[in-house]
Amino acid sequence: MIRTGHCLCGATRYRIEGPETWACHCHCESCRRQTASPVTTFFGIPLSRFEWTGQPPKSWASSPGVRRSFCPTCGTPMAFQADRYAGEIHLYAATLSDPAGFEPAFHVHYAERLPWLKLDDSLPRHPGPAPDG
Ligand SMILES: [Zn+2]
Ligand SMILES: [Zn+2]
């Protein structure tokens with residue numbers, strides 16, 4: 001299974017092969033600020049099955065050992081990488097070419113959620129990170 005994704009302007013693109021390792025909604029304050037959205041939905045994929053195509057993103061260190069990437073032309077947030085998750089990249093599901101064909105499985109950092117956001121799903125809600133992550 002090959003899937004692609006891209007930023008708003010289309011300059012920064014990626015290609016992934018095979019299924020994601022996990023898929024979730026993140027309510028942490030860092031994701032919220034970087035994406036300027038109350039919650040973000042993302043997934044992990046091994047770097048061995050990922051490649052940037054088109055213009056490579058720019059990245060900056062949001063905290064020690066953490067890099068967040070964005071399109072240098074339009075600013076769309078594209079990816080999260082951390083030393084503690086070496087060998088994988090986390091991509092924002094909304095950047096997939098077909099984001100509707102994607103299913104999140106749980107919530108993380110639910111304790112940091114905004115009180116006015118009402119989500120009516122029955123997925124597991126972890127107050128902090130996922131139990132094994
Ligand atoms: Zn762009
Ligand atoms: Zn987060």
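A short reminder: the numbers here are calculations on the coordinates, not readings from a lab. Since the structure is predicted, the reported quantities are computational estimates derived from the model, not experimental observations. Backbone-built Cβ (ideal geometry, glycine too); neighbour counts: all protein chains shown.
Key figures
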read-out	value
Inter-probe distance in nm under a simple model that places probes 7 Å from Cα toward Cβ, at I2 and V66	3.4 nm
Neighbour-count order for K118, K58, fewest beta carbons within 10 angstrom listed first	K118, K58
The chain, helix-only ellipticity at 222 nm - DSSP H runs n ≥ 4, -39,500 (n - 2.57), divided by all residues, nearest 500	-1500 deg cm²/dmol
Residues whose placed amide H lies under 5 Å from that of C7, excluding near-sequence neighbours	T12
Net charge dipole size for the chain [Lys, Arg +1 and Asp, Glu -1 on Cβ; Debye, nearest 20]	400 debye
Neighbourhood charge, 14 Å Cβ-Cβ cut-off, centred on R49 and excluding it, Lys, Arg +1 and Asp, Glu -1	-2
FRET E, pair S48, R84, Förster distance 22 Å, beta-carbon r, rounded to 0.05	0.75
